[in-house]
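Peer 1: Provided herewith is a single structure, encoded as structure tokens, for subsequent inquiry.
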Amino acid sequence: MTRFSPAELEAARDRLIPDVVADGLKVLFCGINPGLMTAATGHHFARPGNRFWPVLHLSGFTPRLFKPSEQAELLTYGLGITNVVARATARADELSAEEFREGGRILDAKVERLRPRWLAVVGVTAYRAAFGDRKAVVGPQERTIGSSRIWVLPNPSGLNAHWTAATMAQECGRLREATQS
């Protein structure tokens, strides 16, 4: 992996990262917003401590552990990636409540257009902020967007100490099983 200086990472602030999407996906995974490493590389969930890619593999969604640079290969498995808020920041707490609400409106329209079977939001706090559901918990949600069901997954950031890679993979595995029914 390329090493970036603090100045190079800071220069990536506010960059927009293209979604990895197609119509009719099985699952559209939705992060909170790109971090600076993601913005610098142009690859989703690129920070080395982020557990998204290992959890995706451990849960059975992918046959092997992908690198962030291989993100486009997800489309061959019916999987995609987007974010609630498009702009890159060092930390999610740099985002305003209005950015989350606006991101929820944009995400709603995107899901209506792309029609994935499942929208999987990685981070219960982001889901709550984007969709105004303060009582949401990890797991399947009653709310739908058109015909798309919603599942909230734990945030795969290395900062989320409440969940291990193994327990995240179990929850993600529950979603994978749901996609097969």
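The values are calculated or read from the model by the stated rules, or taken from the named source; none is laboratory data. This one's a predicted model, so the numbers in the text were calculated from it and none came from an experiment. Here the Cβ positions follow ideal geometry from the backbone for every residue, glycine too, while neighbour counts run over all protein chains shown. The area values use the complete protein model at the heavy-atom level, side chains included, leaving out ligands, DNA and RNA. Shrake-Rupley method; radii C 1.70, N 1.55, O 1.52, S 1.80 Å.
Peer 1: How far apart, in nm, are two points set 7 Å out from the Cα along the Cα-to-Cβ line at Ala109 and at Ser181?
Peer 2: Modelled inter-label distance: 3.4 nm.
Peer 1: So, R0 is 30 Å and r is the distance between the beta-carbons of Arg143 and Ala11; what FRET efficiency does that work out to, to 0.05?
Peer 2: 0.20
Peer 1: Anyone know which of Ala161, Ala120, Ala109 comes out most mobile in the 10 Å Cα GNM of the chain?
Peer 2: Evaluated over the chain, the most mobile residue of the options is Ala161.
Peer 1: Tally the DSSP beta bridges in the chain and give the antiparallel ones as a percent, rounded to 5.
Peer 2: Beta bridges within the chain, antiparallel portion: roughly 30 percent.
Peer 1: Could you tell me the relative contact order of the stretch 45-156? Use alpha-carbon pairs under 8 Å, at least six residues apart, and round to a whole percent.
Peer 2: 21
Peer 1: Next up: Relative contact order for the stretch 110-181: what percent, with Cα pairs under 8 Å and sequence separation of 6 or more?
Peer 2: For the stretch 110-181, the relative contact order is 32 percent.
Peer 1: Among Gln180, Pro116, Tyr127, whose Cα lies farthest out toward the positive end of the dipole of the stretch 92-181, if unit charges sit on the beta carbon of Lys, Arg (+1) and Asp, Glu (-1)?
Peer 2: Gln180
Peer 1: Something else about it: Run the 1.4 Å probe and let me know the accessible area of Glu112, rounded to the nearest 10 Å².
Peer 2: 100
Peer 1: Let me ask something additional. Give me the net charge of Arg64's neighbourhood, meaning all other residues with Cβ under 12 Å from the Cβ of Arg64; Lys, Arg count +1, Asp, Glu -1.
Peer 2: -1
Peer 1: Add -39500 (n - 2.57) for each DSSP H run of 4 or more in the chain, then divide by its residues: what number comes out at 222 nm, to the nearest 500 deg cm²/dmol?
Peer 2: Roughly -9500 deg cm²/dmol at 222 nm, from the helical runs in the chain.
Peer 1: When the chain is treated as a GNM, springs tying every alpha-carbon pair under 10 Å, which of Pro34, Pro156, Pro63 comes out with the largest mean-square fluctuation?
Peer 2: Pro63
Peer 1: Could you give the length gained by full extension between Thr167 and Arg91, i.e. 0.36 nm per residue of separation minus their alpha carbon distance, to one decimal place?
Peer 2: 25.0 nm
Peer 1: When Lys and Arg each count +1 and Asp and Glu each count -1, what net charge do the other residues less than 9 Å away from Pro140, Cβ to Cβ, add up to?
Peer 2: Taking every other residue near Pro140 into account, the sum is +1.
Peer 1: Taking only protein heavy atoms and a 1.4 Å probe, what accessible area per residue, in Å², does the stretch 88-134 have with all protein chains in place?
Peer 2: It amounts to 50 Å² per residue over the stretch 88-134.
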